[in-house]
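Quick notes on the structure that follows.
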Amino acid sequence: MIATLLRVGWTNLKRDRVAQALTFVLPVVFFSIFASVFGNQGNNGTARIRVAVVDEDGSELSRRVAAGLAQEKGLRVRTTVDAEGKGATLDRAAAERLVREGDAPVAVVLPKGLGAAAATFGNTGNAPRVQLLADVSDRIAPQMVFGLLQKVAMTSAPDILMQSGLSQFERYAGALTPEQRSAVNAWLPRLKPGQPDAVNATRAAGGPFGIGIDTVDVMRAGRQESLISFYAAGIGVMFLLFSSSGAGGSLLEEVDSGTFDRLLSTRVGMSGVLAGKWLFLSLLGMMQLTVMFLWGWLVFKLDLFRHVPGFVVMTIFTATAAGAFGLVLATLARTRAQLSAISTILILTMSSLGGSMFPRFLMSETMQKMGLLTFNAWALDGYLKVFWRNAPIWQLWPQLLVLTCLTMAFLTIARLLARRWETA
């Protein structure tokens, strides 16, 4: 009997393609996604960090630091208003605008007087300091740029810093003898970048003499805001898809009970039935997202009411697209069990690629582009523009356009799949 039961179980599994996908495909997909994100951190697995660089000083030191940052393989440096390297040179205001709008997570501002301050090793009380204008929602980029900037500050100009040190020595300890000056003049050129001795001198120095670095949070600007909006949007969108697919399953129950046939016999017709279902799923999704964000406001101090217009717009477009997606799954599946399995596979995969489970900036550039094929990525980008970047409603047009196109595509697919019930 045991052998018979095993044979029956294996036969059922071979016939159930969805169960096979849940058993073998979904774990491999999830493993591949997580391994790609977290398993290649030391092997160029993450995307290059976009950095805006502003050189307000124009000194030899600042020019070398900017050039050194541009040569770092982990960075994608931008110094002009146009991303293609054309147009006007970036100033502080333009760089800060790039960070606020999400075009770059970090901007490096090399302030005026940086070269002169480095020459005195920062001994003046009001020495200018390099500023990192950061979007702190990306916890990794500011820290990486900070470390690379410290490295570049030494490796790009060891001869300049050493000359500054000698000048300070002569100022406080007396002038060098002619023999010492001759030896120094012969040695200093060997410290320029690219010379063998430059590496050894940099390692011995141990830090960026005379260059202070400050990280400035330009997003919150002193307001007591948190990253709760990230989590509310990510979790809310993922469970919105689950609830839409679950509620859409009522269509299958009506088909089994015969209620659906009676509805088709009326003047409503198939299109009317699907429109009614879609409207219900959309309203349900709006209520669900509203409850999620209200809970965030009540318990976790999410700043909801300052962003009501943007929240309302994003919630309407997100919920209508999710409702249409739920209809697609309901018309695609044959049974409730099949619907549950298909929705689990699709929603978990979309959520992991789209940023609901972990931020997309952790992913490689290829995976980030793949994430743009998911519903989650566009919905999350819209909510983050509203709550984190304080963007006006008109700046949401790319996300709203994509969500509208997805809604129309999902409704069209659902209507085509529903024809099987009309011809049955």
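Criterion first (at pLDDT 75 or above, open to solvent by 80 Å² or more (accessible area, probe 1.4 Å) and closer than 30 Å to residue 93 by Cβ) does residue 50 satisfy it? Criteria met by residue 50. In segment 350-367, the residue that is nearest to residue 135 (Cα to Cα) out of those that are open to solvent by 50 Å² or more (accessible area, probe 1.4 Å) and assigned to a helix (DSSP H, G or I) is 361. The listed residues are 42, 85, and the only one of them that is modelled with pLDDT under 85, on the phi > 0 side of the Ramachandran plot and open to solvent by 50 Å² or more (accessible area, probe 1.4 Å) turns out to be 85.
Of everything listed in (1) surrounded by 12 or more Cβ atoms within 10 Å (Cβ to Cβ); (2) assigned to a helix (DSSP H, G or I), the single unmet condition for residue 309 is (1). Sort out which residues of segment 394-406 are within 20 Å of residue 50 (Cβ to Cβ) and surrounded by 13 or more Cβ atoms within 10 Å (Cβ to Cβ), and write them in order of number. Answer for segment 394-406, where residues must be within 20 Å of residue 50 (Cβ to Cβ) and surrounded by 13 or more Cβ atoms within 10 Å (Cβ to Cβ): 395, 399.
Among the residues making up segment 54-72, those that are more than 12 Å from residue 149 (Cβ to Cβ) and under 26 Å from the mean Cα position of the chain (by Cα) are 54, 70, 71.
For segment 253-284, a tally of residues being more than 42 Å from the chain's Cα centre (by Cα), basic (Lys, Arg) and either closer than 22 Å to residue 325 by Cβ or not in a helix (DSSP H, G or I) (or both) returns 1.
Within the set 391, 409, 379, 414, the sole residue that is among the small types (Gly, Ala, Ser), over 13 Å from the mean Cα position of the chain (by Cα) and buried (at least 20 other Cβ atoms within 10 Å of the Cβ) turns out to be 414.
Screening segment 253-274 for residues that are open to solvent by less than 50 Å² (accessible area, probe 1.4 Å) and of a type in the set (Gly, Ala, Ser) and picking the one that is nearest to residue 383 (Cα to Cα) gives 272. Within segment 92-122, the set of residues being more than 21 Å from residue 388 (Cβ to Cβ), assigned to a loop (DSSP other than H, G, I, E, B) and at pLDDT 85 or above comprises 111, 112. Scanning segment 293-305 for residues that are assigned to a helix (DSSP H, G or I) and under 11 Å from residue 229 (Cβ atoms) yields a count of 4. Of the residues making up segment 63-82, just one is open to solvent by 50 Å² or more (accessible area, probe 1.4 Å), assigned to a loop (DSSP other than H, G, I, E, B) and over 17 Å from residue 96 (Cα atoms), namely 73.
Does segment 312-340 hold any residues that are open to solvent by 10 Å² or more (accessible area, probe 1.4 Å) and part of a loop (DSSP other than H, G, I, E, B), and which are they? Talk me through it step by step, then tell me what you get.
We begin by selecting, within segment 312-340, every residue open to solvent by 10 Å² or more (accessible area, probe 1.4 Å); these are 312-313, 316-317, 320, 325, 328, 332, 334-338, 340.
Correct list: 334, 335.
The values are calculated or read from the model by the stated rules, or taken from the named source; none is laboratory data. Values in this document were obtained by computation on a predicted structure and should not be read as measured data. Every residue, glycine as well, gets a Cβ built from its backbone with ideal geometry; the counts of neighbours run over all protein chains shown. Only protein heavy atoms, including side chains, enter the accessible area calculation; ligands, DNA and RNA are left aside. Shrake-Rupley method; radii C 1.70, N 1.55, O 1.52, S 1.80 Å.
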